[in-house]
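Notes follow once the structure below has been shown.
The values are calculated or read from the model by the stated rules, or taken from the named source; none is laboratory data. Because the structure is a prediction, the values reported are computed rather than measured. Here the Cβ positions follow ideal geometry from the backbone for every residue, glycine too, while neighbour counts run over all protein chains shown.
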Amino acid sequence: MSRLPTLTLYTRSGCHLCEQAEEGLRALEYRYEAVDVDGDPALKAQYGDDVPVLTLGERVLLKGVLSKGRLSTLKLHLLREAGAGRG
């Protein structure tokens, strides 16, 4: 779905919730970039143990358990926003 923006998923290696989030994002055909917070001291300080965190620019969309249900609901909101912006 090209109308969806590319999101950023803040994650860390070995995080099972992060792996679950990536599976859900792929299953729902999101476009996203995964960023390991442990590779950047500023990101590690900002997000700490809160990963996974899904953002659009500076806007935090979701964090914690990113179930397929939560991701589906978010997808609907993002599609509505994209549609409202084209008018």
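Odds and ends about this structure:
- The lone exception for A21 - which of (1) free of Cβ contacts under 8 Å to residues at least 24 places away in the same chain; (2) part of a helix (DSSP H, G or I) it fails: (1)
- Number of positions in the stretch 25-64 that are closer than 26 Å to L79 by Cα and either loosely packed, with under 11 Cβ neighbours inside 10 Å or in contact with a Ser or Thr (Cβ under 7 Å, 6 or more places away or on another chain) (or both): 15
- Single residue of L71, L79 found to be surrounded by 12 or more Cβ atoms within 10 Å (Cβ to Cβ) and either at pLDDT 95 or above or in contact with a Pro (Cβ under 7 Å, 6 or more places away or on another chain) (or both): L71
- Selection count where residues are touching a residue at least 12 places away in the same chain (Cβ under 8 Å), out of contact with any strand residue (DSSP E or B) (no Cβ under 8 Å at 6 or more places or on another chain) and part of a loop (DSSP other than H, G, I, E, B), scope the stretch 58-71: 3
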